[in-house]
1. Applying the selection to region 266-289, what residues are open to solvent by 30 Å² or more (accessible area, probe 1.4 Å) and in contact (Cβ under 8 Å) with a residue 12 or more places away in the chain?
2. Whether any residue in region 140-163 is of a type in the set (K, R), at negative phi and out of contact with any helix residue (DSSP H, G or I) (no Cβ under 8 Å at 6 or more places or on another chain) is what I want to check.
3. Would you pick out the residues in region 242-261 that are closer than 10 Å to G182 by Cβ and free of Cβ contacts under 8 Å to residues at least 12 places away in the same chain?
4. Can you find even one residue in region 163-174 that is at pLDDT below 85, among the β-branched types (V, I, T) and within 17 Å of D244 (Cα to Cα)?
5. Does region 190-200 hold any residues that are over 16 Å from S93 (Cα atoms) and either of a type in the set (F, W, Y) or crowded, with 21+ Cβ neighbours inside 10 Å (or both), and which are they?
6. Name the residue, out of K157, K214, K205, K173, that is open to solvent by 40 Å² or more (accessible area, probe 1.4 Å), closer than 30 Å to A305 by Cβ and of a type in the set (K, R).
7. Count, please, the residues in region 290-312 that happen to be under 17 Å from I25 (Cα atoms) and open to solvent by less than 20 Å² (accessible area, probe 1.4 Å).
Amino acid sequence: MSSTYRREIHAAAAAPTTGGMRGVIFGGITGAIEICITFPTEFVKTQLQLDEGSSRRGEPRKYNGVIDCVKKTVHSRGFFGLYRGLSVLLYGSIPKSAVRFGAFEELKKYAADEHGQLNSKTRLLCGLGAGLAEALLVVTPMETVKVKFIHDQNLAKPNFHGFFHGVREIIRKEGIRGTYQGLTPTLLKQGTNQAIRFFVMETLKEHYRKYTNKGQHAPVPVIITGIFGLMAGAASVFGNTPLDVVKTRMQSLEAAKYKNTFDCAIKILKNEGPLAFYKGTVPRLGRVCADVSITFMIYDKAIEAFNRMWSSK
């Protein structure tokens with residue numbers, strides 16, 4: 001028996017079984033740290049996606065791109081204007097990340113082979129399940145409130161005065177249903193998001209371990225994890241930004257003008273052209289790549305530290 005194989009057996013025996021509760025705890029911590037770092041890019045992305053001006057109809061757009069949006073926001077509301085709506089995402093990012101990693105780890109327990117590994121199919125399915133779970137339980141109401149908050153800022157006299165006041169107003173006027181606008185595109189978006197991200201991350205880690213011959217369960221260096229996260233984030237952005245644009249419109253203050261998700265997509269295509277489905281791609285690319293990279297680096301290091309602590313007992 002080789003020394004590498006013996007080390008793998010010892011590590012597997014020493015570490016606790018990977019499961020949902022551990023994913024929930026470390027996922028929640030990861031989500032809180034990540035959103036505080038990356039929120040301004042989310043704010044700019046949402047502003048650009050809500051900017052419906054069309055040169056075809058002679059209506060000028062409010063912003064001429066990412067830099068222009070940042071300049072105008074800082075000039076009119078100061079630097080912290082880029083953090084409008086942060087409280088909404090902060091309240092939601094902790095449970096979102098907790099549900100995402102908790103669901104993935106729980107599904108992985110049942111889908112992994114005898115060596116604790118996932119194949120290509122099960123990576124996609126576990127990622128899809130994680131995305132659907134976070135969309136249904138956390139992301140849809142969180143994103144709806146966030147988009148309404150940012151959209152409300154564009155009004156001459158904003159109606160929302162803080163997170164809880166805004167939530168109360170939305171529920172008072174529209175009921176609980178008002179926080180679940182855009183459920184269908186959000187399910188599609190989050191499901192495909194996590195399917196792509198976890199598939200890319202798990203596949204790249206597997207190839208790295210094979211290339212370096214360090215064993216199936218060997219930890220991946222944090223810098224390498226960060227690079228893989230950038231790649232996974234970019235893949236998900238180019239794969240589903242059209243769904244993100246439709247989701248944003250369906251959650252805006254003017255969502256009532258759309259009959260449903262399909263009607264929203266048709267109207268965007270008809271009135272603004274196909275490129276409108278990629279509005280906000282640049283800031284979303286920056287935010288998502290940073291998000292996924294930071295998230296997996298923090299999460300993996302937290303799990304690695306936990307496993308070392310456990311094995312030392």
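1. Within region 266-289, N271, F277, Y278, V282, L285, G286 qualify.
2. Initially, region 140-163 is screened for residues of a type in the set (K, R), giving 146, 148, 157.
Checking the rest, the ones that are also at negative phi come to 146, 148, 157.
Then drop every residue that is not out of contact with any helix residue (DSSP H, G or I) (no Cβ under 8 Å at 6 or more places or on another chain), which leaves 157.
Yes - at least one qualifying residue is present in region 140-163.
3. Y258
4. Looking through region 163-174, none of the residues is at pLDDT below 85, among the β-branched types (V, I, T) and within 17 Å of D244 (Cα to Cα).
5. Filtering region 190-200 for residues over 16 Å from S93 (Cα atoms) gives 191-192, 195-200.
Listed by number, the residues that qualify are G191, A195, I196, R197, F198, F199, V200.
6. Values: K157 fails: closer than 30 Å to A305 by Cβ; K205 fails: open to solvent by 40 Å² or more (accessible area, probe 1.4 Å); K173 fails: closer than 30 Å to A305 by Cβ.
Just a single option satisfies the conditions, and that option is K214.
7. 3
So that you can scan it fast, the table gives a plain yes or no per residue for (1) touching a residue at least 60 places away in the same chain (Cβ under 8 Å); (2) closer than 20 Å to G20 by Cβ; (3) touching a Gly at 6+ places or on another chain (Cβ under 7 Å); (4) not aromatic (F, W, Y):
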| residue | (1), (2), (3), (4) |
| --- | --- |
| G102 | yes, yes, yes, yes |
| E105 | yes, yes, yes, yes |
| K109 | yes, yes, yes, yes |
| D113 | no, yes, no, yes |
| L118 | yes, yes, no, yes |
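The values are calculated or read from the model by the stated rules, or taken from the named source; none is laboratory data. Not measured: the values here are computed from a predicted model. So basically every Cβ, Gly included, is an ideal-geometry build from the backbone, and we count neighbours across all protein chains shown. For accessibility, only protein heavy atoms count, side chains too; no ligands or nucleic acids. Shrake-Rupley method; radii C 1.70, N 1.55, O 1.52, S 1.80 Å.
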